[in-house]
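Reading through the structure tokens given below for one structure.
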Amino acid sequence: MKPFSYERATSPADAVTRAAAKPGARFIAGGTNLLDLMKLEISTPAHLVDVNGIGLDTIEKTADGGLRVGALVRNTDLASHAAVTKGYPLLSKAIVAGASGQLRNKATTAGNLMQRTRCPYFYDKNLPCNKRDPGTGCAAAGGYSRGHSVIGVSGNCVCAYPSDMTVALHALDATVEIMQLDRTTRTLPVRDFHLLPGDDLPVGEFALKPGELITAVVLPKPVGGKQLYHKVRDRASYAFALVSVAAIIQPDGTGHVAFGGVAPKPWRSDAADAALPRGAKAVTDTLFADATPTDQNQFKLTLATRTLGAVLIDAKAS
Amino acid sequence: MKFQTPAGKNPIDRMKVVGKPHDRVEGPLKVTGAAPYAYERHSVIANQAYGEVVGAAIAKGRIISIDLAEARRAAGVIAILTAENAGGIGRGDFIFASPLAGPLVEHYHQAVAVVVAESLEQARAAAALVRVDYDRADGVYDLSSAKAGATKRASVPDAAIGDFATAFATAPVKLDAVYTTPDQSHMAMEPHATIAAWDGDRLNLWTSVQALDWAMRDLPKILKMPRDKVHMSSPYIGGGFGGKISSMSDAALAALAARVAGCPVKLALTRTLLVNNTVHRPATIQRVRIGAARDGKILAIGHENWTGNLPDAFVEQSTVPTPSLYAGANRLATTRVAVLDLPEGSSMRAPGEAPGMMAIEIAMDELAELLGMDPIQVRLVNDTQVDPSDPNHPFSTRQLAECLHVGSERFGWSKRAAKPGARREGQWLIGMGVASAIRGARTRTSAARARLDAKGIVTIETDMTDIGTGAYTILAQTAAEMMGIGLDDVVVKLGESDYPVSVGSIGQRGAASASGAVFAACTKLRQTIAQQLSLPEGDVDFVDGHIVSGGRRIPLGKAAAAGEIVVEDVLEFGPEMPKKYAQQAFGAHFVEVAVHASTGEIRVRRMLAVCAAGRILNPKTARSQVIGAMTMGVGAALSEELAIDTRFGYFVNHDLAGYEVAVHADIPHQEVIFIDEVDPTITPTKAKGVGELGLVGVAAAVANAIYNATGVRVRDYPIRLDKFMDRLPAVA
């Protein structure tokens, strides 16, 4: 691990100020992803600003009946909060489908949004990776790509985004609150928070400027309906999704659906939602029309349709 | 003591301590963290520096140059080992790739350098500053494409009996199918780790190896030094599964680095490195042909095995179980080996049997279906009490049929739907599968020392190891039974290279061989005590902490009142018993799975293993071994595969995030039943091993259960949903 400096911030504004003072600074909260990457020298921040002591750890009702989740609310606390299990069971189910109990106790809401890819080439410094070392190329394209994205990719990067929580947030139309460098707050729909790789380098990942701090995730008023999260993986626990489906199905068959494991961000569209009453295949035909799978991950397209099909059966049965 | 004839009645038959489910004697040490593993032996020597391995970034080629300038300048760096300053490096008898690359690189993540620094963090930071230029050569990394060029090895001759070709061609019922098993990683919880310290020309190693005798044979050869100048200590081992059989790269690199650094060096292979740096179970392609009569009797069985490795290295001999498993007059077993430039393949738990039975036992399920017979019935029809390859060679014990009967009853096999895909619960398809298990019950000459002190404490010393198996406990039980004392009065010391030489923890030989060694040493101790006390031969017993003779009861410790009595004996296993008897352990595995009708997700719901493995020295530790093996079998069936990037020639998923082993959520109810058995032809304690038996056949039982659930047959492991999802019945 490379030497780095470290300090604790006392408030959100203090954190932003401290980070701005040190080029290359990163915020650290739960550290469940960043510390692993630092040990492997895949992330090598010169300075860490610890934000665990800045508050932002509460869940509050908003004026319009929604929920404001502080950036530092731990995944376990969020998944088990009464307002979440009651109003947003989808979010609770998605969080519990990810990682392990120990990790969820430590991991935070904002940190979960900021998870880096689990692409094995990103993790092996001997291999080309534009995300790790811009300009070196993408070893995963043409390589072991079984777990990689089938859509939203570019020649620069084909990796998949790993979070379960964020797939639910997409289906729930959450927004992200961000403190800017001038300490004012801007908001961004979660749909726009993650960037697709595109043709430019370095590969974009998050719609955050250096030094900006996520302060909260805001959920709109509960929408009801059957809320289901089906995560498909090769073993029963503690693995990233091959495909996951977050679905909110209303009694009339309309709803929202988002897919994980298939793209560099959770994948959904209004047009695909509109196709929901016509069944799983109608949704995935719409959503994955532009897919560019490899031989190894072609199965994810079939699996996406089948998993949504299973979810729709469960929604009827439950 | 020589072992040449079946064991007669002996003190072990009392079964007062042996055969009881005692807790592990070292259990409290382990659960309190007081049992130090190699990397944690902080106090064995002062001034331990930290070594960090730099792994090769190419699979095959040459090192053009190594730039160490920046790394040398980094904080805390003491020395850097490369092939330039390592001195000559030899080759051991077990691992063929060199522990240190240069100028040739033999496989990915082969060590190129070891950076030694004052702290782990400094070593790691400096290791990242080592710059290596390579000349990359093309290699062959894909067994399926190398298969055509695979050749016969002299060490693995073809085994042909009768006329397979004709018998198969004319058989009324024929199965001809190809199965594949992938490269697998041992993934022991404890990574390979060694502390090495030089004392002049003497070398001390605190390390983690399964068989000290092999490590002591191989490491001095690698280091080109005399064996008697080396000492190794390996009392606690956090799993091995064959990945630590002999001395691996960690020991050689720590020793070489300690020499260039001029101080003791502590070194562990990181998880991300060890997969490609050390060894793995090689992939296989297996063609199985079975010709049968309508009554299910096998007329012809052919098993062809293709595998690959570095030149001269280990061969994964999947055909090992085939000659012994089922009857049938016409038989063929062949192995062909391709040269691959992947990391070195080697032994992993039940080499031969584990991958072989993954294929054979699906084939038997397929045969049952072709015959319209129950899969258990097909196995029973082909059961035999003599070696199928030699009718004059009876099995010493063979209770395969008993295992199948008991398992069938206990598991509720009668509830299995004969027709695949017939049982459904909601969106889940339910199925049951069965497989036989067989694993050689071999032994190897082993020795032990026994000490008796004035307090009546018996201490056993042998270089046998305990890799989590329960060796400490069963050897303590053996000694206690022999000497008529309780477990509290026995101390077992293992894993020092200057102790009497044993087989080590290899090939399911440990329990039978090492307990036999303790039997021999304690027999000698009993004799020595009787002589010293001038007791009449033939009227001496050891009961309840006393020596009983001619109506006298002498406290055991009294015999050592004048000084500790120390004896040593070696149990030499002659060729007589294996020559006279086919010696195998048998079992049957039963599995129930649920398969999601839409997504193909597989969940194992119940598992049962029934084992007939001679005397079970400790049902609790034996059960733990079998349960661990069953768990490994679930991984082999459903998820474990080292993924090869054939462009770069390495295993891509080289950590526990990418190489998915079965975790708690994958393992439901597991049950183990041991059939009553003693086998006096194996060893004086009449035991066989179980640690590998518990794995053999499990994956096939899972595969067969999946077929029973879905009607979809998958012949390529691991059985993951992308291989069969589109063949599942249509979802309404």
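None of the figures in this text is laboratory data; all of them are computed from the coordinates on show. Keep in mind the model is a prediction, meaning the values are calculated, not measured. Using ideal geometry, Cβ is built from the backbone for each residue, glycine included, and neighbour counts are taken over all protein chains shown.
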Task: Positive dipole terminus of chain A, leading residue within A:Val51, A:Ala20, A:Asn105 (C-beta point charges) - done: A:Asn105
Task: Positive-end residue, chain B charge dipole about Cα centroid, Cβ charges, pick of B:Gly504, B:Leu617, B:Ser155 - done: B:Leu617
Task: Modelled FRET efficiency - R0 45 Å, A:Arg186 with B:Ser119, Cβ distances, 0.05 increments - done: 0.55
Open item on the list: Taking a ≥ b ≥ c as the square roots of the Cα gyration tensor eigenvalues, with a/c under 1.5 meaning rounded and otherwise prolate when a/b beats b/c, else oblate, which class fits the range B:144-276?
Closed with: prolate
TODO: Rounded to the nearest Å, what's the spacing between the alpha carbon centres of the range B:586-626 and the range B:181-196? Just the number, please.
DONE: 24
- [ ] State, as an integer percentage, the relative contact order of chain B based on alpha-carbon contacts under 8 Å between residues 6 or more apart.
- [x] 17
- [ ] Could you compute the FRET efficiency for B:Arg227 and B:Val566, with r as their C-beta to C-beta distance and R0 at 22 Å, rounded to 0.05?
- [x] 0.40
Open item on the list: Debye calculation, C-alpha points only, no solvent: report log10 I(q)/I(0) for the range B:84-214 at q = 0.09, 0.12, 0.21 Å⁻¹, in the same order as the q values.
Closed with: -0.54, -0.83, -1.67
- [ ] Please list the helices of chain B that count as membrane-span-like by this rule: a mean Kyte-Doolittle hydropathy of at least 0.5 together with Cα atoms stretching 24 Å or more along the helix axis, each helix being a complete DSSP H run.
- [x] B:353-371, B:619-638
Open item on the list: Looking only at Cβ-Cβ distances, which cysteines of the protein assembly as shown have no other cysteine closer than 4.7 Å?
Closed with: A:Cys129, A:Cys138, A:Cys157, B:Cys263, B:Cys403, B:Cys522, B:Cys611
Open item on the list: Within 9 Å, Cβ to Cβ, of B:Ile285, how many net charges do the neighbouring residues add up to if Lys/Arg are +1 and Asp/Glu are -1?
Closed with: +1
TODO: Take the range A:10-125, compute every pairwise Cα distance, and split them into 5 Å bins from 0; I just need the percent in each bin.
DONE: 2, 11, 18, 20, 18, 14, 10, 5, 1, 0
Open item on the list: What does the structure give for A:228-237 when I average, per residue, the other chain Cβ atoms found within 10 Å of the residue Cβ?
Closed with: 6
- [ ] Find the centroid of the Cα atoms in the range B:270-342 and in the range B:644-659, then give the distance between the two in whole Å.
- [x] 23
TODO: With unit charges on the beta carbon (Lys/Arg positive, Asp/Glu negative), name the residue among B:Leu367, B:Val406, B:Asn382 whose Cα is farthest towards the positive pole of the charge dipole of the range B:361-410.
DONE: B:Val406
TODO: State whether chain A is rounded, prolate or oblate according to the following rule on the C-alpha gyration tensor (a ≥ b ≥ c being the square roots of its eigenvalues): a/c under 1.5 gives rounded; otherwise a/b larger than b/c gives prolate, and the remaining case gives oblate.
DONE: oblate
Open item on the list: Would you report the distance distribution of C-alpha pairs in the range B:3-85 as whole percents per 10 angstrom bin, up to the bin with the largest distance?
Closed with: 10, 21, 18, 17, 14, 14, 6
Task: Sparse-neighbourhood loop sites, trypsin sites (Lys or Arg not before Pro) in the range B:75-176 - DSSP loop, at most 16 other Cβ within 10 angstrom - done: B:Arg91, B:Lys152, B:Arg153
Open item on the list: For Cα pairs less than 8 Å apart in space and 6+ apart in sequence, what is the mean separation divided by the residue count of the range B:367-465, i.e. the relative contact order in percent?
Closed with: 14
TODO: Could you bin all the Cα-Cα distances of the range A:173-318 into 5 Å bins starting at 0 and give me the percent of pairs in each, rounded to whole numbers?
DONE: 2, 9, 16, 18, 18, 16, 11, 7, 3, 1, 0
TODO: Give the dimensionless ratio obtained when the Cα radius of gyration of the range B:560-602 is divided by 2.2 N^0.38 Å.
DONE: 2.84
Open item on the list: Distances longer than 58 Å among the Cα atoms of the protein assembly as shown: what percent of all pairs is that?
Closed with: 16
Open item on the list: If I take every Cα pair under 8 Å that is 6 or more residues apart in the range A:212-267, average their sequence separation and divide by the length, what percent do I get for the relative contact order?
Closed with: 27
Open item on the list: Along its three principal axes, how long is the range B:438-485 when you only count alpha carbons? Whole Å, largest extent first please.
Closed with: 45, 19, 17
- [ ] Compute the label zone of B:Asp201 within the range B:224-254: residues whose backbone N is under 15 Å from the point 7 Å along Cα-to-Cβ.
- [x] B:224-231
Open item on the list: Apply the a/c threshold of 1.5 to the C-alpha gyration tensor of chain B and tell me whether it is rounded, prolate or oblate.
Closed with: oblate
TODO: Round to a whole angstrom and tell me the spacing of the C-alpha centers of the range B:200-243 and the range A:1-51.
DONE: 43
Task: Simple Cβ-charge dipole of chain B, Lys/Arg +1 and Asp/Glu -1, about Cα centre, in debye nearest 20 - done: 820
TODO: Report, in deg cm²/dmol and to the nearest 500, the calculated mean residue ellipticity at 222 nm for chain B, where each DSSP H run with n ≥ 4 adds -39500 (n - 2.57) and the sum is divided by the residue count.
DONE: -7000 deg cm²/dmol
TODO: Please find the FRET efficiency linking B:Arg217 to B:Lys415, where r is the Cβ-Cβ separation and R0 is fixed at 45 Å, and quote it to the nearest 0.05.
DONE: 0.30
Open item on the list: Could you work out how much longer the chain between B:Ala329 and B:Asn392 gets when fully extended? Use 0.36 nm per residue separation minus the Cα distance between them, nm to one decimal.
Closed with: 21.3 nm
TODO: Can you tell me the dipole magnitude for the protein assembly as shown around its Cα centre, using point charges on the Cβ only (Lys, Arg +1; Asp, Glu -1), in Debye to the nearest 20?
DONE: 1080
Task: Within the range B:224-341: Cβ-based charge dipole about Cα centre, in debye rounded to nearest 20 (Lys, Arg +1; Asp, Glu -1) - done: 100
